[in-house]
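The values are calculated or read from the model by the stated rules, or taken from the named source; none is laboratory data. Just so we're clear, the structure is a prediction, and the values are computed from it rather than from any experiment. All Cβ positions, glycine included, derive from the backbone under ideal geometry; neighbour counts span all protein chains shown.
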Amino acid sequence: MKKLLLTVLACATATLQAAPLPAGDARSFAMGGTGTAASHPNAAAILNPALMSLPQPPSRDNFGLSLQVGAIVAADNELVDDVDAFQNSNVWDKLDQAIQDFNNLNDGSPTKAQIDAALDKVIAAGEEADRLLLQIDRDALRADLQGSLALVIPRGQGISFGVFADTSVEASGIARYEDSPLIRSIISTAKDIQNNTKPSSTDLADLGSTPQSNGEALVLALTEVGFALSRPVTLGGQTWYLGASPKVLNIRTFDYKADVNTFDDSDFDANDYESNTSTFNLDLGAARTFGPDGDVVVGFSVKNLIPKDVETKRGRKVSIDPVARVGVALNRATWTVTGDLELLKTKRAGFEGDKQYLRLGAEWAPVTWFALRAGVAHNLASDNSESDSIASTTQGTAGLAFSVLGMGLDITGAMSDKDVGGSVQLTAVY
(Lines give C-alpha, C1' and ligand atoms only; values in the text may rest on other atoms or scores of the structure.)
Protein backbone atom coordinates (compact mmCIF):
# COMPACT_ATOMS: atom_id res chain seq x y z
CA MET A 1 0.00 0.00 0.00
CA LYS A 2 2.84 2.41 0.75
CA LYS A 3 4.17 1.84 -2.76
CA LEU A 4 0.79 2.70 -4.23
CA LEU A 5 0.54 5.91 -2.20
CA LEU A 6 4.03 6.95 -3.26
CA THR A 7 3.15 6.26 -6.89
CA VAL A 8 -0.04 8.33 -6.69
CA LEU A 9 1.81 11.24 -5.08
CA ALA A 10 4.66 10.90 -7.57
CA CYS A 11 2.18 11.15 -10.44
CA ALA A 12 0.63 14.23 -8.90
CA THR A 13 4.03 15.80 -8.25
CA ALA A 14 5.21 15.01 -11.76
CA THR A 15 2.14 16.77 -13.11
CA LEU A 16 2.82 19.84 -11.00
CA GLN A 17 6.43 19.98 -12.17
CA ALA A 18 5.33 19.55 -15.78
CA ALA A 19 3.23 22.72 -15.53
CA PRO A 20 4.94 26.10 -16.20
CA LEU A 21 4.72 26.67 -12.48
CA PRO A 22 2.54 25.02 -9.93
CA ALA A 23 -2.75 26.88 -8.62
CA GLY A 24 -5.04 29.29 -6.61
CA ASP A 25 -4.67 32.44 -4.50
CA ALA A 26 -3.69 32.40 -0.82
CA ARG A 27 -5.75 35.51 0.02
CA SER A 28 -8.90 34.02 -1.49
CA PHE A 29 -8.13 30.65 0.14
CA ALA A 30 -7.83 32.29 3.57
CA MET A 31 -11.22 33.98 3.02
CA GLY A 32 -13.06 30.68 2.58
CA GLY A 33 -12.16 30.25 -1.10
CA THR A 34 -14.05 33.39 -2.14
CA GLY A 35 -12.84 35.68 -4.91
CA THR A 36 -15.62 36.18 -7.46
CA ALA A 37 -16.21 39.73 -6.18
CA ALA A 38 -13.24 40.38 -3.87
CA SER A 39 -10.10 39.28 -5.74
CA HIS A 40 -7.16 41.62 -6.14
CA PRO A 41 -6.02 42.05 -9.77
CA ASN A 42 -3.16 39.51 -9.60
CA ALA A 43 -5.66 36.77 -8.59
CA ALA A 44 -8.48 37.99 -10.84
CA ALA A 45 -6.83 36.60 -13.98
CA ILE A 46 -7.62 33.11 -12.65
CA LEU A 47 -10.72 33.67 -10.49
CA ASN A 48 -12.70 36.40 -12.30
CA PRO A 49 -10.93 38.31 -15.08
CA ALA A 50 -13.46 41.17 -14.95
CA LEU A 51 -12.04 42.30 -11.59
CA MET A 52 -8.72 43.28 -13.20
CA SER A 53 -10.40 46.50 -14.44
CA LEU A 54 -11.96 47.59 -11.15
CA PRO A 55 -10.54 50.87 -9.79
CA GLN A 56 -7.59 50.08 -7.50
CA PRO A 57 -5.73 52.06 -4.83
CA PRO A 58 -2.40 53.54 -5.99
CA SER A 59 -0.50 50.77 -4.19
CA ARG A 60 -1.65 48.13 -6.68
CA ASP A 61 -2.80 49.87 -9.86
CA ASN A 62 0.21 49.29 -12.15
CA PHE A 63 1.54 45.75 -11.86
CA GLY A 64 0.95 42.51 -9.97
CA LEU A 65 2.91 39.24 -9.83
CA SER A 66 2.05 36.23 -7.66
CA LEU A 67 3.36 32.71 -7.10
CA GLN A 68 1.31 30.33 -4.95
CA VAL A 69 1.39 26.69 -3.84
CA GLY A 70 -1.07 24.87 -1.58
CA ALA A 71 -2.42 21.49 -0.54
CA ILE A 72 -5.31 19.89 1.35
CA VAL A 73 -5.12 16.27 2.54
CA ALA A 74 -7.80 13.98 3.97
CA ALA A 75 -7.07 10.37 4.90
CA ASP A 76 -8.12 7.56 7.18
CA ASN A 77 -5.28 7.41 9.71
CA GLU A 78 -5.19 3.60 9.66
CA LEU A 79 -5.42 3.07 5.88
CA VAL A 80 -1.77 2.34 5.14
CA ASP A 81 -1.20 0.24 8.27
CA ASP A 82 -4.41 -1.77 7.78
CA VAL A 83 -3.63 -2.70 4.17
CA ASP A 84 -0.02 -3.51 5.01
CA ALA A 85 -1.22 -5.73 7.88
CA PHE A 86 -3.43 -7.70 5.49
CA GLN A 87 -0.71 -8.10 2.87
CA ASN A 88 1.99 -9.03 5.38
CA SER A 89 -0.21 -11.63 7.08
CA ASN A 90 -0.50 -13.81 3.94
CA VAL A 91 -3.88 -14.74 5.39
CA TRP A 92 -5.50 -15.11 1.95
CA ASP A 93 -3.01 -17.78 0.93
CA LYS A 94 -3.31 -19.45 4.35
CA LEU A 95 -7.10 -19.63 4.04
CA ASP A 96 -6.90 -20.91 0.47
CA GLN A 97 -4.44 -23.62 1.52
CA ALA A 98 -6.54 -24.60 4.57
CA ILE A 99 -9.61 -25.04 2.33
CA GLN A 100 -7.66 -27.18 -0.13
CA ASP A 101 -6.25 -29.31 2.70
CA PHE A 102 -9.74 -29.98 4.06
CA ASN A 103 -11.23 -30.77 0.67
CA ASN A 104 -8.34 -33.15 -0.05
CA LEU A 105 -9.22 -35.10 3.10
CA ASN A 106 -12.48 -36.14 1.43
CA ASP A 107 -10.48 -38.08 -1.14
CA GLY A 108 -9.44 -40.51 1.58
CA SER A 109 -10.79 -41.81 4.90
CA PRO A 110 -9.94 -39.12 7.46
CA THR A 111 -10.51 -39.52 11.15
CA LYS A 112 -12.76 -37.19 13.12
CA ALA A 113 -9.67 -35.64 14.71
CA GLN A 114 -8.15 -34.92 11.28
CA ILE A 115 -11.39 -33.35 10.06
CA ASP A 116 -11.72 -31.15 13.16
CA ALA A 117 -8.09 -30.06 12.97
CA ALA A 118 -8.45 -29.12 9.29
CA LEU A 119 -11.68 -27.23 9.97
CA ASP A 120 -10.09 -25.37 12.89
CA LYS A 121 -7.44 -24.04 10.48
CA VAL A 122 -10.11 -22.96 7.98
CA ILE A 123 -12.15 -21.17 10.64
CA ALA A 124 -9.11 -19.45 12.18
CA ALA A 125 -7.78 -18.25 8.81
CA GLY A 126 -11.26 -17.22 7.66
CA GLU A 127 -11.99 -15.18 10.77
CA GLU A 128 -8.58 -13.50 10.56
CA ALA A 129 -9.12 -12.64 6.87
CA ASP A 130 -12.58 -11.28 7.67
CA ARG A 131 -11.22 -9.16 10.53
CA LEU A 132 -8.36 -7.69 8.51
CA LEU A 133 -10.48 -6.96 5.44
CA LEU A 134 -13.20 -5.34 7.55
CA GLN A 135 -10.56 -2.93 8.87
CA ILE A 136 -9.72 -1.66 5.38
CA ASP A 137 -13.25 -1.56 3.95
CA ARG A 138 -13.90 1.97 2.60
CA ASP A 139 -10.68 3.31 4.08
CA ALA A 140 -9.78 6.20 1.79
CA LEU A 141 -7.48 9.14 1.17
CA ARG A 142 -7.63 12.38 -0.81
CA ALA A 143 -4.96 14.95 -1.64
CA ASP A 144 -5.71 18.21 -3.46
CA LEU A 145 -2.59 20.00 -4.67
CA GLN A 146 -2.53 23.48 -6.19
CA GLY A 147 -0.06 25.87 -7.78
CA SER A 148 -0.25 29.04 -9.86
CA LEU A 149 1.71 31.89 -11.39
CA ALA A 150 0.02 35.11 -12.54
CA LEU A 151 1.23 38.43 -13.91
CA VAL A 152 -1.33 41.23 -14.30
CA ILE A 153 -1.20 44.80 -15.60
CA PRO A 154 -4.45 46.51 -14.51
CA ARG A 155 -5.72 49.54 -16.42
CA GLY A 156 -8.82 51.08 -14.86
CA GLN A 157 -9.96 53.00 -17.96
CA GLY A 158 -8.42 50.86 -20.69
CA ILE A 159 -7.83 47.19 -21.37
CA SER A 160 -6.32 45.30 -18.45
CA PHE A 161 -4.08 42.37 -19.33
CA GLY A 162 -2.77 39.31 -17.53
CA VAL A 163 -1.07 35.98 -18.17
CA PHE A 164 -1.34 32.95 -15.93
CA ALA A 165 -0.37 29.31 -15.46
CA ASP A 166 -2.39 27.19 -13.08
CA THR A 167 -2.42 23.55 -12.03
CA SER A 168 -4.80 21.65 -9.74
CA VAL A 169 -4.42 17.98 -8.86
CA GLU A 170 -7.03 15.77 -7.17
CA ALA A 171 -5.57 12.45 -6.03
CA SER A 172 -7.78 9.92 -4.22
CA GLY A 173 -7.63 6.27 -3.25
CA ILE A 174 -9.92 3.75 -1.59
CA ALA A 175 -9.90 0.13 -0.40
CA ARG A 176 -12.96 -2.13 -0.57
CA TYR A 177 -13.86 -5.46 1.08
CA GLU A 178 -15.77 -7.38 -1.60
CA ASP A 179 -15.18 -10.97 -0.40
CA SER A 180 -17.30 -10.84 2.73
CA PRO A 181 -20.19 -13.09 1.49
CA LEU A 182 -17.77 -15.80 0.30
CA ILE A 183 -15.51 -15.81 3.36
CA ARG A 184 -18.39 -15.79 5.83
CA SER A 185 -20.13 -18.56 3.91
CA ILE A 186 -16.97 -20.69 4.12
CA ILE A 187 -16.69 -20.07 7.88
CA SER A 188 -20.37 -20.91 8.38
CA THR A 189 -20.09 -24.15 6.38
CA ALA A 190 -16.97 -25.19 8.30
CA LYS A 191 -18.75 -24.67 11.62
CA ASP A 192 -21.81 -26.60 10.38
CA ILE A 193 -19.58 -29.56 9.52
CA GLN A 194 -17.97 -29.44 12.96
CA ASN A 195 -21.42 -29.35 14.57
CA ASN A 196 -22.58 -32.28 12.43
CA THR A 197 -25.36 -30.23 10.79
CA LYS A 198 -23.64 -30.91 7.49
CA PRO A 199 -21.85 -34.12 6.48
CA SER A 200 -18.07 -34.20 6.73
CA SER A 201 -17.93 -35.10 3.04
CA THR A 202 -19.13 -31.56 2.17
CA ASP A 203 -16.50 -29.67 0.18
CA LEU A 204 -15.85 -26.06 1.11
CA ALA A 205 -16.24 -23.41 -1.60
CA ASP A 206 -13.10 -22.61 -3.58
CA LEU A 207 -11.59 -19.33 -2.40
CA GLY A 208 -9.52 -18.67 -5.50
CA SER A 209 -6.04 -17.23 -5.67
CA THR A 210 -7.21 -13.66 -6.39
CA PRO A 211 -9.36 -11.68 -3.93
CA GLN A 212 -12.27 -9.61 -5.19
CA SER A 213 -11.42 -7.05 -2.51
CA ASN A 214 -9.51 -4.25 -4.17
CA GLY A 215 -7.67 -0.98 -3.96
CA GLU A 216 -8.29 1.83 -6.42
CA ALA A 217 -6.53 5.12 -7.11
CA LEU A 218 -7.55 8.03 -9.34
CA VAL A 219 -5.61 11.21 -10.08
CA LEU A 220 -7.07 14.09 -12.10
CA ALA A 221 -4.66 16.90 -12.99
CA LEU A 222 -5.79 20.06 -14.77
CA THR A 223 -3.13 22.42 -16.08
CA GLU A 224 -4.16 25.65 -17.77
CA VAL A 225 -2.05 28.31 -19.46
CA GLY A 226 -3.64 31.43 -20.87
CA PHE A 227 -4.08 35.17 -20.86
CA ALA A 228 -6.80 37.39 -19.44
CA LEU A 229 -8.36 40.57 -20.81
CA SER A 230 -10.88 42.92 -19.24
CA ARG A 231 -12.24 46.42 -19.65
CA PRO A 232 -15.04 48.65 -18.39
CA VAL A 233 -18.08 48.89 -20.66
CA THR A 234 -21.03 51.29 -20.43
CA LEU A 235 -24.39 49.56 -20.84
CA GLY A 236 -27.67 51.37 -20.27
CA GLY A 237 -25.83 54.23 -18.64
CA GLN A 238 -24.16 51.90 -16.10
CA THR A 239 -20.52 50.84 -15.96
CA TRP A 240 -19.94 47.10 -16.16
CA TYR A 241 -16.60 45.34 -15.99
CA LEU A 242 -16.26 42.42 -18.40
CA GLY A 243 -13.42 39.94 -18.75
CA ALA A 244 -12.37 36.77 -20.54
CA SER A 245 -9.53 34.27 -20.13
CA PRO A 246 -8.89 32.07 -23.18
CA LYS A 247 -6.58 29.21 -22.29
CA VAL A 248 -5.11 25.86 -23.22
CA LEU A 249 -6.32 23.18 -20.81
CA ASN A 250 -4.28 20.00 -20.33
CA ILE A 251 -6.09 17.07 -18.67
CA ARG A 252 -4.13 14.15 -17.26
CA THR A 253 -5.65 11.15 -15.50
CA PHE A 254 -4.16 8.23 -13.62
CA ASP A 255 -6.63 5.39 -13.01
CA TYR A 256 -5.50 2.19 -11.28
CA LYS A 257 -7.33 -0.73 -9.69
CA ALA A 258 -6.10 -4.12 -8.47
CA ASP A 259 -6.87 -6.71 -5.81
CA VAL A 260 -5.60 -6.08 -2.30
CA ASN A 261 -2.86 -8.67 -2.62
CA THR A 262 -1.21 -7.19 -5.72
CA PHE A 263 -2.00 -3.50 -6.10
CA ASP A 264 1.50 -2.46 -5.04
CA ASP A 265 3.21 -5.08 -7.17
CA SER A 266 6.90 -4.44 -7.87
CA ASP A 267 6.17 -4.61 -11.61
CA PHE A 268 3.80 -1.63 -11.33
CA ASP A 269 4.22 0.84 -14.24
CA ALA A 270 2.35 4.13 -13.86
CA ASN A 271 2.46 4.79 -17.61
CA ASP A 272 0.06 1.88 -18.17
CA TYR A 273 -2.68 3.75 -16.29
CA GLU A 274 -2.14 7.34 -17.40
CA SER A 275 -3.96 9.33 -20.11
CA ASN A 276 -3.16 12.80 -21.40
CA THR A 277 -5.15 15.21 -23.58
CA SER A 278 -5.19 18.96 -24.29
CA THR A 279 -8.00 21.24 -25.42
CA PHE A 280 -9.04 24.89 -25.67
CA ASN A 281 -11.31 26.41 -23.05
CA LEU A 282 -12.53 29.77 -21.82
CA ASP A 283 -13.31 31.54 -18.55
CA LEU A 284 -15.68 34.53 -18.48
CA GLY A 285 -16.37 37.14 -15.83
CA ALA A 286 -18.49 40.19 -15.14
CA ALA A 287 -18.70 42.66 -12.27
CA ARG A 288 -20.46 45.85 -11.28
CA THR A 289 -20.01 48.26 -8.40
CA PHE A 290 -22.73 49.89 -6.33
CA GLY A 291 -22.90 52.70 -3.81
CA PRO A 292 -21.60 56.27 -3.94
CA ASP A 293 -18.02 55.10 -3.46
CA GLY A 294 -18.33 51.86 -5.44
CA ASP A 295 -17.57 49.91 -2.30
CA VAL A 296 -20.11 47.15 -3.00
CA VAL A 297 -19.04 44.76 -5.76
CA VAL A 298 -21.19 42.06 -7.34
CA GLY A 299 -19.35 39.56 -9.52
CA PHE A 300 -20.17 36.60 -11.72
CA SER A 301 -17.79 34.10 -13.30
CA VAL A 302 -17.89 30.91 -15.33
CA LYS A 303 -14.82 28.69 -15.34
CA ASN A 304 -14.34 26.14 -18.14
CA LEU A 305 -17.23 27.40 -20.24
CA ILE A 306 -16.83 24.54 -22.73
CA PRO A 307 -17.73 21.12 -21.21
CA LYS A 308 -15.22 18.34 -21.84
CA ASP A 309 -15.41 14.59 -21.19
CA VAL A 310 -12.26 12.47 -21.09
CA GLU A 311 -11.83 8.74 -20.66
CA THR A 312 -9.23 7.18 -18.40
CA LYS A 313 -7.15 4.16 -19.37
CA ARG A 314 -9.64 1.94 -17.53
CA GLY A 315 -12.64 3.46 -19.33
CA ARG A 316 -13.90 5.70 -16.52
CA LYS A 317 -15.52 8.92 -17.79
CA VAL A 318 -14.27 12.12 -16.17
CA SER A 319 -16.24 15.29 -16.88
CA ILE A 320 -14.79 18.80 -16.88
CA ASP A 321 -17.97 20.84 -16.51
CA PRO A 322 -18.49 24.60 -16.23
CA VAL A 323 -18.34 26.04 -12.71
CA ALA A 324 -20.51 29.16 -12.35
CA ARG A 325 -20.17 31.45 -9.32
CA VAL A 326 -21.86 34.59 -8.10
CA GLY A 327 -20.25 36.72 -5.43
CA VAL A 328 -20.71 39.95 -3.49
CA ALA A 329 -18.17 41.99 -1.53
CA LEU A 330 -18.31 45.03 0.72
CA ASN A 331 -15.02 46.95 0.84
CA ARG A 332 -14.13 49.55 3.46
CA ALA A 333 -10.87 51.33 4.20
CA THR A 334 -9.56 48.66 6.57
CA TRP A 335 -11.83 45.65 6.05
CA THR A 336 -13.65 43.52 3.49
CA VAL A 337 -16.46 40.99 3.85
CA THR A 338 -17.46 38.77 0.95
CA GLY A 339 -19.43 35.69 -0.07
CA ASP A 340 -19.52 33.32 -3.05
CA LEU A 341 -22.05 30.73 -4.16
CA GLU A 342 -21.42 28.03 -6.75
CA LEU A 343 -24.56 27.84 -8.89
CA LEU A 344 -23.91 24.39 -10.35
CA LYS A 345 -23.07 21.07 -8.73
CA THR A 346 -19.70 19.60 -9.73
CA LYS A 347 -19.74 15.82 -10.16
CA ARG A 348 -17.15 13.92 -8.20
CA ALA A 349 -14.05 12.80 -10.06
CA GLY A 350 -12.85 10.32 -7.45
CA PHE A 351 -14.46 8.70 -4.43
CA GLU A 352 -15.60 11.74 -2.44
CA GLY A 353 -18.99 13.34 -2.92
CA ASP A 354 -20.18 15.95 -5.39
CA LYS A 355 -19.28 19.59 -4.73
CA GLN A 356 -21.26 22.83 -4.57
CA TYR A 357 -19.83 25.36 -2.14
CA LEU A 358 -21.19 28.32 -0.26
CA ARG A 359 -18.20 30.44 0.80
CA LEU A 360 -17.90 33.35 3.24
CA GLY A 361 -14.82 35.37 4.10
CA ALA A 362 -13.47 38.52 5.71
CA GLU A 363 -10.24 40.52 5.79
CA TRP A 364 -9.04 43.10 8.30
CA ALA A 365 -6.06 45.27 7.33
CA PRO A 366 -5.51 47.84 10.12
CA VAL A 367 -2.17 48.93 8.62
CA THR A 368 -0.75 48.84 5.10
CA TRP A 369 1.79 46.09 5.85
CA PHE A 370 -0.43 43.54 7.67
CA ALA A 371 -3.75 41.77 7.09
CA LEU A 372 -5.70 39.14 9.02
CA ARG A 373 -8.15 36.90 7.16
CA ALA A 374 -10.70 34.20 7.95
CA GLY A 375 -13.46 32.31 6.20
CA VAL A 376 -15.61 29.22 5.92
CA ALA A 377 -16.63 26.98 3.02
CA HIS A 378 -19.64 24.66 3.25
CA ASN A 379 -20.35 21.95 0.68
CA LEU A 380 -24.08 21.92 -0.09
CA ALA A 381 -23.82 18.67 -2.08
CA SER A 382 -21.67 16.31 0.05
CA ASP A 383 -24.15 13.46 0.40
CA ASN A 384 -22.85 10.74 -1.92
CA SER A 385 -19.27 10.11 -0.88
CA GLU A 386 -18.12 6.50 -1.09
CA SER A 387 -16.15 6.95 2.14
CA ASP A 388 -17.01 9.21 5.08
CA SER A 389 -13.30 9.66 5.85
CA ILE A 390 -12.79 11.94 2.80
CA ALA A 391 -16.25 13.53 2.44
CA SER A 392 -16.16 17.28 1.85
CA THR A 393 -18.18 19.03 4.55
CA THR A 394 -17.51 22.38 6.24
CA GLN A 395 -14.01 23.81 6.25
CA GLY A 396 -12.63 26.73 8.22
CA THR A 397 -9.79 28.90 6.90
CA ALA A 398 -7.53 31.60 8.27
CA GLY A 399 -4.50 33.50 7.10
CA LEU A 400 -1.96 36.25 7.62
CA ALA A 401 -0.37 38.62 5.12
CA PHE A 402 2.74 40.79 5.39
CA SER A 403 4.05 43.29 2.86
CA VAL A 404 7.01 45.64 2.65
CA LEU A 405 7.75 47.96 -0.28
CA GLY A 406 5.33 46.11 -2.53
CA MET A 407 6.69 42.63 -1.72
CA GLY A 408 4.23 40.37 0.08
CA LEU A 409 4.02 37.04 1.87
CA ASP A 410 0.63 35.35 2.40
CA ILE A 411 0.22 32.30 4.66
CA THR A 412 -3.04 30.36 4.89
CA GLY A 413 -4.26 27.36 6.89
CA ALA A 414 -7.43 25.30 6.47
CA MET A 415 -9.05 22.60 8.59
CA SER A 416 -12.24 20.57 8.87
CA ASP A 417 -13.15 17.38 10.72
CA LYS A 418 -11.88 15.40 7.69
CA ASP A 419 -8.97 17.34 6.18
CA VAL A 420 -6.16 19.79 6.80
CA GLY A 421 -4.25 22.03 4.44
CA GLY A 422 -2.42 25.24 3.79
CA SER A 423 -1.07 27.65 1.23
CA VAL A 424 1.89 30.00 0.79
CA GLN A 425 2.10 32.85 -1.70
CA LEU A 426 4.69 35.42 -2.72
CA THR A 427 3.53 38.64 -4.38
CA ALA A 428 5.00 41.75 -5.92
CA VAL A 429 2.45 44.57 -6.36
CA TYR A 430 3.08 48.14 -7.54
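Just for segment 100-124: of the residues that are assigned to a loop (DSSP other than H, G, I, E, B) and surrounded by 14 or more Cβ atoms within 10 Å (Cβ to Cβ), which one is modelled with the lowest pLDDT?
Asn106
Condition check ((1) surrounded by fewer than 14 Cβ atoms within 10 Å (Cβ to Cβ); (2) under 43 Å from the mean Cα position of the chain (by Cα)) across all residues:
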position: Ala190; (1), (2): no, no
position: Asn196; (1), (2): yes, no
position: Ser201; (1), (2): yes, no
position: Leu204; (1), (2): no, no
position: Gln212; (1), (2): no, yes
position: Leu218; (1), (2): no, yes
position: Ala221; (1), (2): no, yes
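Look at segment 392-430 and say how many of its residues are under 23 Å from Arg359 (Cβ atoms) and of a type in the set (A, V, I, L, M, F, W, C).
So the answer is 8.
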Whichever residue in segment 59-95 is surrounded by fewer than 20 Cβ atoms within 10 Å (Cβ to Cβ) and in contact with a Gly (Cβ under 8 Å, 6 or more places away or on another chain) and, among such residues, is farthest from Tyr430 (Cα to Cα): Val73
Count of segment 59-99 residues which are over 24 Å from Lys121 (Cβ atoms) and in a loop (DSSP other than H, G, I, E, B): 6
Those residues of segment 125-170 which are more than 30 Å from Pro58 (Cβ to Cβ), in a strand (DSSP E or B) and either of a type in the set (D, E, K, R) or out of contact with any strand residue (DSSP E or B) (no Cβ under 6 Å at 6 or more places or on another chain) (or both), in sequence order: Arg142, Asp144, Glu170
Residue count, segment 389-415 (criterion: surrounded by fewer than 22 Cβ atoms within 10 Å (Cβ to Cβ), over 20 Å from Thr368 (Cβ atoms) and more than 14 Å from the chain's Cα centre (by Cα)): 5
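Yes/no per residue for (1) under 27 Å from Ala50 (Cβ atoms); (2) of a type in the set (S, T, N, Q); (3) surrounded by fewer than 18 Cβ atoms within 10 Å (Cβ to Cβ):
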position	(1), (2), (3)
Gln157	yes, yes, yes
Ser160	yes, yes, no
Asp166	yes, no, no
Ala175	no, no, no
Asp179	no, no, no
Arg184	no, no, yes
Ile187	no, no, no
Extreme residue, nearest to Lys308 (Cα to Cα), among residues of segment 320-338 that are buried (at least 19 other Cβ atoms within 10 Å of the Cβ) and among the aliphatic types (A, V, I, L, M): Ile320
Subset of segment 372-393 [over 25 Å from Leu343 (Cβ atoms), of a type in the set (D, E, K, R) and either at pLDDT 75 or above or assigned to a loop (DSSP other than H, G, I, E, B) (or both)]: Glu386
